[in-house]
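Novice: Structure below; questions to follow.
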Amino acid sequence: MQLGLFNLMTLRDHPDGALGVMRDTRKMVETAEELDFDIAWFAEHHFANYSSSPSPLMMCSYAAGWTSKIKLGPGVIVLPLYNPLRVAQEIAVADTQSGGRLVIGMGTGYQQYEFDRYDVVLDDKVDIFLEYWDIIEQALVNGTVEYNGKFISVPKTSFAIKTEQKPLPSIFVTSSHPKLLSRFKKWGATPFIAASTLGSPALYKMGDGLNKAWESIGDDPTTKPLAIMQYVNITDSRAEALEAGERARYVGRMAHFLRQPELPLDQAGFIRNEPYPGEFTLEQYADNMVVGDPHTVAEKIVDNIKRLNPSNYTCNFSFGCMPLERAQKSIYRFKKEVLPLVEQAVGPIANIGAQEIAQRKAG
């Protein structure tokens, strides 16, 4: 099982604003590399303080200059919002700049607010994605593209640069749509599911949905790789756990409003910290996420592993603009105190999901 670090890069109450969030993100990625994490992921979201990372490939290129071994991944490229010709070239550049350390994370997107402002119809996202991927695949694998689709047409075009990794870097896809799963079988792509602030109960429902999607196209889910992402915070008291719950609630509120056509904004242009019907209590956030003392966190991770058998386990330690000191404390304690407890229960993490990783590489 690979370990990942997820960077949403929310801007909330950092004393140094967006510059401080960027600086803290760099420090967390450097720490993850020091602790032998496998992948650093960078989110993509637009126009709001939910994330200060509108271009994850730009973040990967930036990180390529001050890291040396950790893989770097857009988490994820919201493909319907791009021109695929540009994406193909930027993927090649990022993989070259990192010396072949790029992984490709892609998704269809889900936030109505973003799609409206890019003048893209949200209901068309799957079909747009598939056409755009056809173009990217041709560009990077064959070096030439000629395409005539419903959403885009491309005259014959040659590409001078390709990825360092041949034929392509590893691919992760944040969708369980059967059309996408079927399309990416040839590449052994890894589905990436994340319930974010909603934690394990929602993650398990997503896993069940993904399994049904695999079965709908005639595949056995137990033979497939899987990446999951959880919000993680290691605490010393219930009060600290509830503080983490409050930061998660803030992120959850922003995510809720970004699914709407308009946002409730304050004078600074930030999404207002307003409740919405049916939201979790702070206690529910703390209990559903991977939050608590080292033994509690380990128990939650073990439950995730037994239920989902992931080949990649990605952690967001910095959610809700978490202060750097606290996020760093959590990642260090995760490696030193939590992982040994996990391995006592389920064996070496390198062996978890190993069959699925091998099948992906073979495929």
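The values are calculated or read from the model by the stated rules, or taken from the named source; none is laboratory data. Keep in mind that what you see is a predicted model, and the values were worked out from it rather than measured. A quick note on method: Cβ atoms are made from the backbone with ideal geometry, for glycine too, and the neighbour counts reach across all protein chains shown. The area values use the complete protein model at the heavy-atom level, side chains included, leaving out ligands, DNA and RNA. Shrake-Rupley method; radii C 1.70, N 1.55, O 1.52, S 1.80 Å.
Novice: Pop out the ³J(HN,Hα) list for the range 110-116 in order, Karplus 6.51 cos²θ - 1.76 cosθ + 1.60 with θ = phi - 60°, rounded to Hz; leave Gly and Pro as x.
Specialist: After applying 6.51 cos²θ - 1.76 cosθ + 1.60, I find 8, 8, 4, 4, 5, 4, 4 Hz.
Novice: Right, here's the next one. In whole Å, what three semi-axes, largest first, describe the equivalent ellipsoid of the range 98-160 built from its Cα gyration tensor (square root of 5 times each eigenvalue)?
Specialist: The three semi-axes for the range 98-160 are 24, 18, 9 Å.
Novice: Beta carbons within 10 angstrom, averaged per residue: use that to sort the peptides 241-252, 142-153, highest first.
Specialist: My ranking of the peptides, most packed first, is 241-252, 142-153.
Novice: At 0.36 nm per residue, and after removing the present C-alpha to C-alpha distance, how many nm does the segment from ARG117 to PHE47 gain when stretched out fully? Please list the in-between numbers first.
Specialist: Working: separation 70, 0.36 × 70 = 25.20 nm, distance 0.91 nm.
Working it through step by step, the gained length comes to 24.3 nm.
Novice: Could I ask something else about it? I need the calculated FRET efficiency for the pair ILE217 and SER68, taking r as the beta carbon distance and R₀ as 45 Å, to the nearest 0.05.
Specialist: For R0 = 45 Å, the calculated efficiency reads 0.70.
Novice: What residues have an amide H closer than 5 Å to that of GLY105, excluding those fewer than 5 places away on the same chain, when H is modeled at 1.01 Å from N in the peptide plane?
Specialist: Here the answer is ILE77, PHE172, since their amide H atoms fall under 5 Å of that of GLY105.
Novice: Taking only the Cα atoms of the chain, how large is their convex hull per residue, in Å³?
Specialist: So the per-residue Cα hull volume is 132 Å³.
Novice: For the range 238-327, list log₁₀ I(q)/I(0) at each q in 0.11, 0.22, 0.23 Å⁻¹, using the Debye formula over Cα point scatterers of equal strength and ignoring solvent, two decimals each.
Specialist: Values returned for q = 0.11, 0.22, 0.23 Å⁻¹ are -0.39, -1.16, -1.21.
Novice: Rounded to the nearest whole Å², what accessible area per residue is found for the range 61-207 with the 1.4 Å probe?
Specialist: Per-residue accessible area for the range 61-207 comes out at 41 Å².
Novice: Quick one: accessible area per residue over the range 214-284, 1.4 Å probe, rounded to a whole number of Å²?
Specialist: Using a 1.4 Å probe on heavy atoms only, each residue of the range 214-284 averages 47 Å².
Novice: Taking the simple approach of a point 7 Å from Cα along Cα-to-Cβ for both ASP127 and LYS150, what is their distance in nm?
Specialist: Taking the simple label geometry, ASP127 and LYS150 are separated by 0.2 nm.
Novice: Give, to the nearest whole percent, the P(r) tail of the range 68-205 beyond 25 angstrom, counting all Cα pairs.
Specialist: 28
Novice: Another question, if that's okay. May I ask you to compute the full-extension gain from SER158 to ASP236, defined as 0.36 nm times their residue separation minus their alpha-carbon distance, rounded to one decimal in nm? Before the final figure, lay out each step's value.
Specialist: Numbers: separation 78, 0.36 × 78 = 28.08 nm, distance 5.70 nm.
Working it through step by step, the gained length comes to 22.4 nm.
Novice: How would you rank 185-197, 97-109, highest first, on the average number of other Cβ atoms within 10 Å across their residues?
Specialist: Working: 185-197: 20.4, 97-109: 22.6.
The most tightly packed comes first, giving 97-109, 185-197.
Novice: Also, quick follow-up: Please report, as a whole percent, how much of the solvent-accessible surface of the range 1-71 comes from carbon and sulfur atoms (probe radius 1.4 Å).
Specialist: So the carbon and sulfur contribution to the accessible surface is 55 percent.
Novice: Something else now. Keeping the other protein chains in place, figure out the carbon and sulfur percent of the accessible area of the range 189-287, with a 1.4 Å probe.
Specialist: So the carbon and sulfur contribution to the accessible surface is 52 percent.
Novice: Starting from the amide H of LEU226, placed 1.01 Å from N in the peptide plane, find each other amide H under 5 Å away whose residue is 5 or more places distant or on another chain.
Specialist: So LEU226 has HN proximity to SER311, ASN312.
Novice: Multiplying the sequence separation of LYS329 and SER55 by 0.36 nm and subtracting their Cα-Cα distance, what value in nm do you get?
Specialist: Once the chain is fully extended between LYS329 and SER55, it gains 95.9 nm.
Novice: Quote the relative contact order of the range 123-222 in percent (integer), defining contacts as alpha-carbon pairs under 8 Å separated by 6+ residues.
Specialist: 18 percent.
Novice: So what are the ³J(HN,Hα) numbers for the range 203-219, from phi and the Karplus equation (6.51, -1.76, 1.60; θ = phi - 60°), rounded to whole Hz, Gly and Pro as x?
Specialist: 5, 5, 5, 5, x, 4, x, 5, 4, 5, 5, 4, 5, 5, 10, x, 10
Novice: For GLU283, GLU137, give the ranking by accessible area with the largest first, probe 1.4 Å.
Specialist: GLU283, GLU137
Novice: Keeping all protein chains in place and using 1.4 angstrom, which order do LYS212, LYS329, LYS224 fall into by accessible surface area, from largest down? Don't skip to the answer; put the middle values down first.
Specialist: Working: LYS212 140, LYS329 95, LYS224 50 Å².
Final ranking, largest accessible area leading: LYS212, LYS329, LYS224.
Novice: Another question, then. What's the center-to-center distance, using Cα atoms, between the range 157-188 and the range 9-40 in Å?
Specialist: Cα centroid to Cα centroid, the span is 28 Å.
Novice: Expressed as a rounded percentage, what relative contact order does the chain have, with Cα pairs under 8 Å and six or more residues apart?
Specialist: 20
Novice: Helix-derived [θ] at 222 nm for the chain: sum -39500 (n - 2.57) over DSSP H runs of at least 4, divide by residue count, nearest 500?
Specialist: The helix contribution divided over the chain gives -13000 deg cm²/dmol.
Novice: Something else: Taking the Cα-to-Cβ direction at ASP303 and at GLU337 and moving 7 Å from each Cα, how far apart do the two end points lie in nm?
Specialist: Using points 7 Å along Cα→Cβ, the separation is 2.0 nm.
Novice: Residues in the range 282-297, backbone N under 18 Å from the label point at LYS205 (7 Å along the Cα-to-beta-carbon vector): list them, ranges by number please.
Specialist: 282-290
Novice: Given C-alpha coordinates of the range 146-263, what is the ratio Rg to Rh with the Kirkwood estimate of Rh? Walk me through the numbers before you get to the answer.
Specialist: Numbers: Rg = 19.5 Å, Rh = 17.8 Å.
My calculation puts Rg/Rh at 1.09.
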